[in-house]
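Below: one structure, written as structure tokens.
The values are calculated or read from the model by the stated rules, or taken from the named source; none is laboratory data. Computed from a prediction, not measured in an experiment: that's the story for all the values here. We place every Cβ from the backbone using ideal geometry, glycine too, and count neighbours over all the protein chains shown. Heads up: the accessible areas ignore ligands, DNA and RNA and are worked out on the full protein's heavy atoms, side chains in. Shrake-Rupley method; radii C 1.70, N 1.55, O 1.52, S 1.80 Å.
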Amino acid sequence: PVGIPDGAYSSGSTAPGQPVFAVPDTPSTGNVQSEPVVVYSGGVMDGNVKVTDWGGIAKMIWFTGIAVVGLWLLISNLRLAGKLRKSRQALEVEGCRLPVYLSNAVDTPCLFGIFRPSIYVTPEAAESESRLRHILAHEVTHCRHGDNFWAVLRGACLALHWYNPLVWWAAVLSSNDAELACDEATIQRIGESERAE
């Protein structure tokens with residue numbers, strides 16, 4: 001059995017953790033009496049054994065990752081919202097059902113906002129009336145498809161599955177698919193004749 005000192009022997013089988021009485025193997029000399037040594041067959045001498053809780057550690061790491069990625073996404077969007085609010089100028093556009101703003105805070109035109117979405121365009125995009133019309137048609141289609149809500153859902157998936165590279169890849173593919181679907185639906189609305197333009 002595990003834990004029996006050198007020179008001791010034991011016979012019989014015992015359940016783990018049960019005491020085993022072992023007597024030293026060497027004969028006693030003189031008047032010295034050898035007394036049985038109590039050992040435990042499981043090799044555990046007391047019940048206060050520290051066991052690492054790997055499940056608890058993994059859960060703590062997972063929750064930490066959720067908090068870090070979630071906060072990063074939230075802060076990034078709040079910063080962009082602040083920049084857009086400070087830099088935007090209302091742009092009057094006939095026939096557009098969403099508010100349109102001119103802003104230098106974005107590199108490309110975009111739809112921003114969840115419950116009250118607005119379209120933000122760059123000064124370069126607003127220079128051409130034809131180009132602006134196509135951009136607005138594209139962004140309105142994003143709104144019709146609910147892509148602003150899908151973006152929030154993608155962010156939630158990334159926060160929950162931050163450790164999984166396949167989820168990050170899926171988020172990129174989902175975003176690309178949303179753009180392609182938006183382009184196709186916009187062409188259907190404005191007409192095939194304007195596809196090239």
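At a glance:
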item: Residue selected from region 108-120 under the condition touching a strand residue (DSSP E or B) at 6+ places or on another chain (Cβ under 8 Å) and assigned to a loop (DSSP other than H, G, I, E, B), by the criterion most open to solvent (accessible area, probe 1.4 Å); result: Pro109
item: Hey, Ala105 in a helix (DSSP H, G or I), touching a Lys or Arg at 6+ places or on another chain (Cβ under 7 Å) and small (Gly, Ala, Ser) or not; result: no
item: Tally of residues being surrounded by 11 or more Cβ atoms within 10 Å (Cβ to Cβ) and not in a loop (DSSP other than H, G, I, E, B) across region 90-102; result: 3
item: Tally, over region 166-194, of residues that are at pLDDT below 95 and either of a type in the set (Val, Ile, Thr) or part of a loop (DSSP other than H, G, I, E, B) (or both); result: 4
item: Cβ-Cβ under 7 Å pairs, at least 6 apart or on other chains, region 146-166 side over 17 Å from Glu179 (Cβ atoms), far side open to solvent by 80 Å² or more (accessible area, probe 1.4 Å) and in a helix (DSSP H, G or I); result: Leu158/Trp168
item: Residue within region 105-116 that is in contact with a Leu (Cβ under 7 Å, 6 or more places away or on another chain) and more than 28 Å from Trp168 (Cβ to Cβ) present; result: no
item: From the options Thr52, Thr64, residue that is modelled with pLDDT under 95 and either among the polar types (S, T, N, Q) or in a loop (DSSP other than H, G, I, E, B) (or both); result: Thr52
item: Matching option when the condition is surrounded by 11 or more Cβ atoms within 10 Å (Cβ to Cβ) and modelled with pLDDT of 55 or more, among Leu71, Leu78; result: Leu71
item: Residue count for region 121-147, restricted to those that are open to solvent by 20 Å² or more (accessible area, probe 1.4 Å) and within 27 Å of Gly70 (Cα to Cα); result: 4
